[in-house]
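Only one structure is covered here, and it is reproduced in the block below.
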Amino acid sequence: MRNGTAGNTPSLEQSLEQSLEQSLEQSLEQSHTEASWRVCYVQNDNIITKRDYNNLNQPNHTEEKIIINLLDNLTNKGDETCRKFLKLLEKDEFQEIFPQLKKLFTPVSESPVPEEIGEYKMSSMPRGVCLIINNRNFIKMGNRSGSDKDEEALIKVFEWLGFSVKVHRDQNAEQMKDIFRTYSKHNHEGDCFVCCILSHGSAEGVYGTDEVIVQGSDIYNPFNGAFCPSLVNKPKVFFIQACRGEVYHQLVKVQSDSQMEEKAGEEKEEEELAADAVQITIPAEADFLVARSTVKGYLSFRERSGSWFIQCLCEQLKIYCQKGEDVYSILLKVNEEVSQKAGKHRANDAKQMPEQKITLRKKLVFRVPQ
């Protein structure tokens, strides 16, 4: 019998030898049926020729020798002959003679191989609309200094990614609702829709400049399948920079891996942070991604150079979109970086943790146009 080369995947012939030889030879010890009958059975199914039969069925050969020669003959004939022989061994009459074959051909349940996750189409030019609502100036609430820096960063990165960027500044609540309804009625020929909202917020929603709350349903519902059919099966992405409450994240001290990092942190001039002091419910419909600057009930912070969340988001998109990474993986990097930031707000230690809610069905990759 031939041996397979070490390290190579065994062929069907080798697998046949390994799986059947032991079973058949053990069966010979238990069966009184003549080996010549077995060879005849194989020949009658046209698996071997009459000449093969005569060569195998020699009077001076033992039963074991006949079976071993038969297996050698079959494996030398190639995969197709081996398959025919396996079909023969599955027959009831053959398995009655060799009961151990029943174990050999008992189906084994296999774990299903997970299908590879697909990817949303992202090849249209423009890729789609990127809507930015930047509420900076408020009647009674404090003006949102640094929000203009966030707007600039978003415009730059999404134009680079091939989106048609539309900016609306200082919108009151009713104007914001009108904008969402208007864009939902557009015929979206692009592959994706992005909406970035920069404003004050609370646990109830996002504020217009008139300090009236815009509920989450007023933001998302216009873009679901029932109201915006041209975005069905397309990703709808929302980036929201706004507080979702007035609670400070507690600082948990961790040991730094680098003394230089600790020293650099001590020497950095602390800047008084501003807060965008949103529970926003994600719609049940598919293909939504909502990335929020902070978790429910907590503050979200800005510096004069822009908010922690938006600035980090834009930086990570610039680095990793050109490497082909999907948006969710990039947002994990944003989570990590923002969570490492610290500052002061009204004499309190300031920390922040972004959050995402996702009903995407595929990977979302912002392909950089060539």
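All of the numbers you see were taken from the coordinates with simple rules; none came from a lab. This one's a predicted model, so the numbers in the text were calculated from it and none came from an experiment. All Cβ positions, glycine included, derive from the backbone under ideal geometry; neighbour counts span all protein chains shown.
At-a-glance table
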{"item": "Footprinting exposure proxy for Leu332, Leu360, Leu131 (fewest neighbouring C-beta atoms within 10 Å first)", "result": "Leu332, Leu360, Leu131"}
{"item": "Per-residue ³J(HN,Hα) for segment 190-201, Karplus 6.51 cos²θ - 1.76 cosθ + 1.60, θ = phi - 60°, Hz, x for Gly and Pro", "result": "x, 8, 7, 10, 10, 10, 10, 10, 10, 6, 6, x"}
{"item": "Cα centroid separation - segment 183-209 against segment 127-169, whole Å", "result": "11"}
{"item": "Per-residue Cβ neighbour rank within 10 angstrom, fewest leading, Met176, Met122", "result": "Met122, Met176"}
{"item": "Total formal charge among the other residues, if their Cβ is under 10 angstrom from that of Arg136, Lys/Arg +1 and Asp/Glu -1", "result": "-2"}
{"item": "Long-range amide H partners of Phe238 with built H, under 5 Å", "result": "Cys195, Leu289, Val290, Ala291"}
{"item": "Residues Tyr120, Tyr53 arranged by fewest to most Cβ contacts within 10 Å", "result": "Tyr53, Tyr120"}
{"item": "Computed lengthening from Arg83 to Asp178, 0.36 nm per intervening residue step minus Cα-Cα distance", "result": "27.3 nm"}
{"item": "Residues whose placed amide H lies under 5 Å from that of Arg361, excluding near-sequence neighbours", "result": "Asp287"}
{"item": "Vicinal HN-Hα couplings computed from phi for segment 135-148 (Karplus, 6.51 cos²θ - 1.76 cosθ + 1.60; Hz; Gly/Pro x)", "result": "8, 9, 10, 10, 5, 10, 5, x, 5, 9, 4, x, 5, 5"}
